[in-house]
Amino acid sequence: MGDSRGSRRAQPAPACRVLKLARQPYYRWLHKPVIDAMLEESYRANALFDAHRDDPEFGYRFLADEAHGAGAVMADRTAWRSCRDNRWWSVFGKKRGKGKKGGPPVHDGLVRRDLSATCANRLWLADITEHATGEGKLYLCAIKDAFSNRIVGYSVDERMKSRLAVAALDNAVVRRGDVDGCVCTAIADCSSAPESLSGRSTATG
């Protein structure tokens, strides 16, 4: 038996007339089903998803930077809209839900906003800063000794991930030696620290 599916296929003109569609847009779509704008949006969404999968702690601005590095250039607002529509939230962002209360702090406040130290290697302050360069952004994590006011460890990376802080802390431990009992806290956790490390610290030592 011959294939009769072709004879049962609806003709474009009657179908468009029944659906109240103009034939010209239909033929344009038939010639190019996916327009350039939709294709570009898909490429951008794929780049954002890849960045979100690799770094789920990033917000949409950092995801846009990562997508830009992968070749998908877009405005921050475009990245925000795509993340919102696909519900790609940062794991550190506010919780989306109703009727849920926040849990206890993830760690105890050992410093209690007191940034003074009686001797070296008792209190370290950490801070991360962003620096724009001709080849992209760089992130610097510096650790300062609260007693000597010196930078005791640092690390530089092109991505702001947890390894940036870990590398800076490891560098400080190697440089300072005996650090038993030392407390390291982030500047952002201490409201009494009005300035960043780069503005007040002396040379490393």
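Enumerate by residue number the trypsin sites (Lys or Arg not before Pro) in the range 26-94 meeting two conditions: DSSP loop (anything except H, G, I, E, B), and at most 14 other Cβ atoms within 10 Å of the site's Cβ.
Hits after loop and neighbour filter: Arg87, Lys94.
Count neighbours as other Cβ atoms within 10 Å of each site's Cβ, and list the chymotrypsin sites (Phe, Trp or Tyr not before Pro) in the range 129-176 that are DSSP loop with at most 13 such neighbours.
Qualifying residues, ordered by number: none.
How do Cys83, Cys119 rank when sorted from fewest to most other Cβ atoms within 10 Å of their own Cβ?
Fewest-to-most Cβ neighbours within 10 Å comes out as Cys119, Cys83.
Give me Asp170, Asp180 ranked fewest to most by other Cβ atoms within 10 Å of their Cβ, as a rough exposure proxy.
Asp180, Asp170
Which GluC sites (Glu not before Pro) from the range 116-177 combine a DSSP loop assignment with at most 16 other Cβ atoms within 10 Å?
Those that pass, being in a loop and sparsely packed, are Glu135, Glu158.
Throughout, read-outs are computed from the coordinates displayed, never taken from laboratory work. Since we're looking at a predicted model, the values are computed, not measured. Note: ideal-geometry Cβ built from the backbone for every residue, glycine included; neighbour counts use all protein chains shown.
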